[in-house]
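Chemist: Below you'll find the structure I mean.
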Amino acid sequence: MATETGVPVRLLAPAKINLYLHVLGRRGDGYHELDSLVMFADLGDTLTVSLAPGQDGPSLTLDGPFAAALAGEPPAGNLVVRAALALAALAQRPPAVAMTLTKRLPVASGIGGGSADAAACLLALSQLWQLWPAPAEEPALLGLGARLGADVPVCLAGRAAYFGGIGDRLDPAPSLPDCPAVLVNPGVPLPTPTVFRARRGPFSGPARLPAPPPTVGAFAAELAQRHNDLTDAAISAAPVIAEVLADLAASPGALLARLSGSGATCFALYPNHDTAERAAAGLAATHPDWWVQPCRLVSDRCDLP
């Protein structure tokens, strides 16, 4: 991953999809123990980072279809800026870098956009500053990511994984098929704390796969035996999610429809990409105000095309 010092680094910050999400219990500190299987989509935000000698600190320029949702946020509160400052302190480097974030993923949407952006920042700066030969596996960087947010370590790893604890325990996923999918967000931001506060009912047990699924159909059948324990809570906070799930489930060829993370983004799996493309076109035509994207969910790290 090394690059010459001074050469700008541009990385994809892919959408993170929770294929199932079981809430195992609540800890004394108020956080919840989770069991989840995560894959990444071959679409996401884009972050470009370059050296900016003479700057007092990191600068961040926002563009893309969802830039406006972050435009009013104080720069010091942005997770990308916080990641840059934290890594500069760890590496004892001046944080004089210019960053451009092209925001293509909806904000507060249950697909790890902010965490993926922060992870991309940490990886890009690790390349720019030539800190480690394999930063995605560097314990110091993973520890820093965990302090920034529960989803940042799995986004740093960037590969399919089981997600345990509060996000601090990652285990490799078994061999998984690439999954044609459609992502849908109805345009309703849904902060994670709101959904967890609304969660009711008993806790679940862990539900890791007994064997690697050989096909997308077999994988969807296994996932159908699991669930997302935050679905009812998310629907109570944003009732339109029920409509999204129903429309995805009714789309031709859909194998499984489910909420990702705490929502409001939902996804469906399909047997092939053509079927997913047709489903996405139909959903977009019926609901032009929704964000609808066909994609592939993949096991390995997603790079820019």
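The values are calculated or read from the model by the stated rules, or taken from the named source; none is laboratory data. These numbers were taken from a predicted model, which means no experiment stands behind them. Neighbour counts run over all protein chains shown; Cβ positions are idealised from the backbone, glycine included.
Let's see how each residue does on (1) modelled with pLDDT of 95 or more; (2) under 18 Å from residue 269 (Cα atoms); (3) outside the structural domain of residue 42 (by TED's automatic domain parsing):
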site: 185; (1), (2), (3): yes, yes, yes
site: 190; (1), (2), (3): no, no, yes
site: 194; (1), (2), (3): no, no, yes
site: 197; (1), (2), (3): no, no, yes
site: 202; (1), (2), (3): no, no, yes
site: 206; (1), (2), (3): yes, no, yes
site: 214; (1), (2), (3): yes, yes, yes
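Residue-wise test of (1) aromatic (Phe, Trp, Tyr); (2) surrounded by 15 or more Cβ atoms within 10 Å (Cβ to Cβ).
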{"residue": "144", "(1), (2)": "no, yes"}
{"residue": "162", "(1), (2)": "yes, yes"}
{"residue": "197", "(1), (2)": "no, no"}
{"residue": "218", "(1), (2)": "no, no"}
{"residue": "221", "(1), (2)": "no, no"}
{"residue": "231", "(1), (2)": "no, yes"}
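Chemist: Among helices (runs of 4 or more DSSP H) lying entirely in region 33-139, which contain 2 or more residues that are aliphatic (A, V, I, L, M) and closer than 30 Å to residue 273 by Cα?
Modeler: Working: elements: 68-71, 79-91, 113-128.
Output list reads 113-128.
Chemist: Search region 183-207 for residues being under 15 Å from the mean Cα position of the chain (by Cα) and outside any loop (DSSP other than H, G, I, E, B), and hand back the single one that is nearest to residue 147 (Cα to Cα).
Modeler: 192
Chemist: Still on this structure, please answer the following. Name the single residue that is nearest to residue 33 (Cα to Cα) among those in region 229-263 being in contact with a Cys (Cβ under 7 Å, 6 or more places away or on another chain) and outside any loop (DSSP other than H, G, I, E, B).
Modeler: Residue satisfying both the conditions and the ranking: 259.
Chemist: So which residues in region 75-91 are under 20 Å from residue 7 (Cα atoms) and surrounded by fewer than 21 Cβ atoms within 10 Å (Cβ to Cβ)?
Modeler: 85, 88, 91
Chemist: Are any residues in region 264-305 assigned to a strand (DSSP E or B), closer than 26 Å to residue 35 by Cα and of a type in the set (Val, Ile, Thr), and if so, which ones?
Modeler: Across region 264-305, the qualifying residue is only 298.
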